[in-house]
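See below for the structure under consideration.
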Amino acid sequence: MFMNNDNNKGLKVYNLLVQKYFISEKFLLTFAYRKLNMVYITRKEHFCAAHKLYNKHWSPEENNKVFGKCASPNFHGHNYDIYVTIKGKINPESGFVINLFELSDILKHDVVELLDHKNLNLDIEYFKIQLPSIENLSVFIWNLINKKIKRTGAQLHCIKIQETENNFAEYYGE
Ligand SMILES: [Zn+2]
């Protein structure tokens, strides 16, 4: 309401309510907060890891056909970029949907420290069962951080993970 299209009018009403009717600013901010639009904010982090995409039930030819160079028997590395998008309303006191320092700490602590410079197939339990594709990585990362993001009061919206310049996956928790 106050902060959308009609800024000047909104401000006048706001001042009137505060100064003439002594309605507390905190009450008005809480009311305005409920009316504010949803905003999406993204933090990017980075890690390097090795993997191999290989289905042991298939022949080497089939694996090469499906996975190409990613089926190379002695593993290979990628530089992964992860984009974590948080959804929420702007906190009127901080102006934030989520404090990006806090989000960055969660990502560094729970994701980057776990995956950076690792062999995904050998070092991460989850990928002993699932193939470490970007699709599975996006779901894995979602599950790693979802609860912690909720505890901040914000909502996880999307995990995007980019493996090469041309290939990326997005997961929305569905
Ligand atoms: Zn690969």
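Annotations
- The numbered conditions (1) away from the ligand (no atom under 13 Å from the Cβ); (2) among the hydroxyl-bearing types (Ser, Thr, Tyr); (3) more than 30 Å from residue 39 (Cα to Cα) are all true for residue 72 except (1).
- Whenever a residue of region 59-78 is in a helix (DSSP H, G or I), its partners that are within 12 Å of the ligand (Cβ to nearest atom), lying with C-beta atoms within less than 6 angstrom and at least six residues away or across chains, give the pairs 63/54; 63/71; 64/71; 67/53; 70/53; 71/53; 71/54.
- The listed residue being surrounded by 14 or more Cβ atoms within 10 Å (Cβ to Cβ), more than 15 Å from the ligand (Cβ to nearest atom) and over 13 Å from the mean Cα position of the chain (by Cα), out of 128, 148, 89: 89
- Scanning region 75-86 for residues that are among the small types (Gly, Ala, Ser) and over 12 Å from the mean Cα position of the chain (by Cα) turns up at least one hit.
- Yes/no for residue 97 being assigned by TED's automatic domain parsing to the domain that holds residue 53 and within 18 Å of residue 47 (Cβ to Cβ): no
- The sole residue among 102, 113, 125, 93 that is closer than 27 Å to residue 55 by Cα and not β-branched (Val, Ile, Thr) is 125.
The values are calculated or read from the model by the stated rules, or taken from the named source; none is laboratory data. Worth saying up front: this structure is predicted, and the values here are computed from it rather than measured. Every residue, glycine as well, gets a Cβ built from its backbone with ideal geometry; the counts of neighbours run over all protein chains shown.
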